[in-house]
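Data first, discussion second: the structure below is written as structure tokens.
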Amino acid sequence: GSDSVTVVHTAISNVGWTGSHNFYKGKLLLVHNFKWSQDLLLAANYKFDGGFTLAVPIIKKLMVKTSIIGSYQNIVPVAKKQADLIWTIGFAWGNF
């Protein structure tokens, strides 16, 4: 068989929004991060990544934390998924 290579030339624009919020005098922390990527040469080609993390401090620097992270891509390269969703829960040590 012969190997072939496909080269794609494009220009991508990114916009994002990130923030963190403390509730109940620091007893609940919320962090969010969203990013939209848009192909400037092909309007139908876009991608979204984003998620939320909630953390509850137990003792100084130890937290219980859960995150939901998702992504969606309109035009899917070969061997990639169009959408994905991840949910994690666990402990974290350190600054949030």
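Kirkwood hydrodynamic radius, computed over distinct alpha-carbon pairs, for the chain: how many Å, to one decimal?
It is 16.1 Å.
Send over a whole-number figure in Å² for the accessible area per residue of the chain, probe 1.4 Å.
Per residue, the chain has an accessible area of 80 Å².
If we sort 27-34, 10-17 on the protection proxy, mean other Cβ atoms within 10 Å, highest first, what's the order?
Packing proxy ranking, top to bottom: 27-34, 10-17.
What full-extension length gain, to one decimal in nm, is calculated for Ile75 and Lys27 as 0.36 nm per residue of separation minus the Cα-Cα distance?
Between Ile75 and Lys27, full extension yields 13.2 nm more.
Using Cα pairs under 8 angstrom and six or more residues apart, how large is the relative contact order of the chain, in percent? Present the calculation step by step, with values, prior to reporting the outcome.
On the way: 186 pairs, mean separation 18.9, N = 96.
That works out to 20 percent.
Report in % the part of the accessible area of the chain that belongs to carbon and sulfur, leaving out ligands and nucleic acids; probe 1.4 Å.
Roughly 62 percent, rounded to a whole number.
Give me the dipole magnitude in Debye, nearest 20, for the chain about the Cα centre, with unit charges on the beta carbon: positive for Lys and Arg, negative for Asp and Glu.
Using only the charged Cβ atoms, the result is roughly 640 debye.
The values are calculated or read from the model by the stated rules, or taken from the named source; none is laboratory data. Fair warning: this is a prediction, and the values are worked out from it, not measured in the lab. A quick note on method: Cβ atoms are made from the backbone with ideal geometry, for glycine too, and the neighbour counts reach across all protein chains shown. Accessible surface is based on the protein model in full, side chains and every heavy atom, while ligands, DNA and RNA are left aside. Shrake-Rupley method; radii C 1.70, N 1.55, O 1.52, S 1.80 Å.
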